[in-house]
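The values are calculated or read from the model by the stated rules, or taken from the named source; none is laboratory data. Here the structure is a predicted model, which is why all the values come from computation and not from measurement. Neighbour counts are summed over all protein chains in view; Cβ atoms, including those assigned to glycine, are modelled from backbone coordinates with ideal geometry. The protein model used for the area step is the full one, side chains on, heavy atoms only, and it has no ligands, DNA or RNA in it. Shrake-Rupley method; radii C 1.70, N 1.55, O 1.52, S 1.80 Å.
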Amino acid sequence: MVWIPGGGFLMGSDRHYPEEAPAHRVRVDGFWMDRFTVTNREFSRFVDETGYVTLAERPANPDDYPGALPGMLAPSSTIFVRPSAPVDMHNHYNWWVYVKGANWRHPRGPASSIKKLMDHPVVHVAWEDVEAYAKWIGKELPSEAEWEFAARGGLEGAEFVWGDELTPGGKHMANTWQGEFPYRNTLEDGFEYTAPVGSFPPNRYGLYDMAGNVWQWTADWHQEHGRIDSPCCTVLNPRGSSREASVDLRQPGAQIPRKVTKGGSHLCAPNYCRRYRPAARMAQPVDTSISHLGFRCISRGPQGAPG
């Protein structure tokens, strides 16, 4: 793990997607953070020692999803399937497919394997899966503010975790999409899917893959930045609202509670999703299991700062 010293910073952005605004002052205490996202190798050890079964490996409870077709309740997860030609960009079902048998062991469908992907980030893990892993290993998930502070690496206001230029000197700094999403990827960064953790340079705190590769869960329930009570003032160790935690999905019109995810993924592209930036954020339902979403942990334990 890497010690993140804590401090104040300008969280969010007023120059990009509306859910990132308003930019507001935040201060976080110091904490330890995993240098890399959790890998298939590490998650395998957790499963081997505990017998844990992820959400995507279990049939869904029909009481939780009234009206769902039986086929949608089978153990399944969502994978990216690249179309062969341009498609309607307003319909994400043109590239996302719900596949029976897809899960963390089979990240690209039931015929795939992680045998050669042990140092890649684990994916197809829902919120309850990452929470179980963190509890087992004696760590926690970062708040959105902690994650963003760590990702910025002390670069106040920079657009990316490494500075303000996407490819400084023509060098790719993260695993993202080059070309026209979703049908043409030129693979200039060398990777079509996930990359082994640590394949690109770390930020100034020594953290790898804080942009691209996989989205990362945070502990915060999603809340619009625009609903922050006092965006003019520095907030200490903010946490997302807990309002959604008690939602009853059986009630008409109920929505599945959502957590904040950060960092973008290998599917983020300039023509569609410029979210490989520290300010970027996305709300994900807690039952989301998908081929480009992983996590890393932190520790706020009593060990304190190094030295």
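Remarks
- Checking the stated criteria, TYR93 turns out to be of a type in the set (Ser, Thr, Tyr), free of Cβ contacts under 8 Å to residues at least 40 places away in the same chain and open to solvent by 50 Å² or more (accessible area, probe 1.4 Å).
- Test result for PHE160, over 29 Å from ALA132 (Cβ atoms), among the hydrophobic types (A, V, I, L, M, F, W, C) and within 17 Å of the chain's Cα centre (by Cα): yes
- Of the candidates LEU207, LEU187, LEU166, the single residue that is over 14 Å from the mean Cα position of the chain (by Cα) and open to solvent by less than 30 Å² (accessible area, probe 1.4 Å) is LEU207.
- Contact map, the range 160-171: first residue aromatic (Phe, Trp, Tyr) and modelled with pLDDT of 95 or more, second residue assigned to a loop (DSSP other than H, G, I, E, B) and open to solvent by 60 Å² or more (accessible area, probe 1.4 Å), Cβ cut-off under 8 Å, separation 6 or more or different chains; pairs are PHE160/LEU166.
- Among the conditions (1) open to solvent by 10 Å² or more (accessible area, probe 1.4 Å); (2) at pLDDT 75 or above; (3) closer than 18 Å to VAL28 by Cβ, the only one that CYS233 does not satisfy is (2).
- Residue ID - farthest from THR54 (Cα to Cα), chosen from residues in the range 69-90 that are open to solvent by 80 Å² or more (accessible area, probe 1.4 Å) and among the hydrophobic types (A, V, I, L, M, F, W, C): LEU69
- Unique residue being surrounded by 14 or more Cβ atoms within 10 Å (Cβ to Cβ) and among the hydroxyl-bearing types (Ser, Thr, Tyr) when the list is SER113, SER44: SER44
- Residue that is nearest to ALA68 (Cα to Cα) [pool: residues in the range 106-128 that are part of a loop (DSSP other than H, G, I, E, B) and free of Cβ contacts under 8 Å to residues at least 40 places away in the same chain]: PRO110
- The residue of the range 121-158 that is least open to solvent (accessible area, probe 1.4 Å), among those that are in contact with a Leu (Cβ under 8 Å, 6 or more places away or on another chain) and acidic (Asp, Glu), is ASP129.
- Number of positions in the range 258-282 that are open to solvent by 40 Å² or more (accessible area, probe 1.4 Å) and within 14 Å of ASN213 (Cα to Cα): 1
- Strands (runs of 3 or more DSSP E) completely within the range 1-86 that count 2 or more residues being at pLDDT 95 or above and within 20 Å of the chain's Cα centre (by Cα): 2-4, 31-33, 76-80
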